[in-house]
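Note sheet for the following structure.
The values are calculated or read from the model by the stated rules, or taken from the named source; none is laboratory data. Keep in mind it's a predicted model, so treat the numbers as computed, not measured. Every residue, glycine as well, gets a Cβ built from its backbone with ideal geometry; the counts of neighbours run over all protein chains shown. All accessible areas refer to the heavy atoms of the entire protein, side chains included, with ligands and DNA or RNA removed. Shrake-Rupley method; radii C 1.70, N 1.55, O 1.52, S 1.80 Å.
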Amino acid sequence: MKDHHVSIWFLIGLQLSIYGVLIVGAGIYGFYYPSEQPTVLENLHPAIWWGAIMLVLGLFYTLKYRPRN
């Protein structure tokens, strides 16, 4: 019987990917439906950038540390 271990980095990658998708989705929604009271850096669309960075990092960790047989 083999011991199957799941790396903590795989789980962190999954979490970062999920958060990245959610934040990108919120950023895209905010792009098409901007708030009535804009923030100072709204023109840079930080939610889209931050979500994309989290998604890319999460996919990297998920693929690099995925459990293998």
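Structure notes:
- With an a/c value of 1.5 or above and a/b larger than b/c for the gyration tensor axes a ≥ b ≥ c computed over the alpha-carbon atoms, the chain is described as prolate.
- Counting only DSSP H runs of at least 4 residues, each contributing -39500 (n - 2.57), and dividing by the residue count of the chain, the helix-based mean residue ellipticity at 222 nm comes to -22000 deg cm²/dmol.
- Taking the accessible area of the chain, probe 1.4 Å, and keeping the other protein chains in place, the carbon and sulfur fraction comes to 69%.
- Relative contact order computed over the chain (Cα-Cα under 8 Å; 6+ residues apart), in percent: 56
- Neighbour net charge for Val6 - beta-carbon separation under 14 angstrom, K R +1, D E -1: +3
- Local electrostatic count, Ser17, Cβ distance below 14 Å [Lys/Arg +1, Asp/Glu -1]: +2
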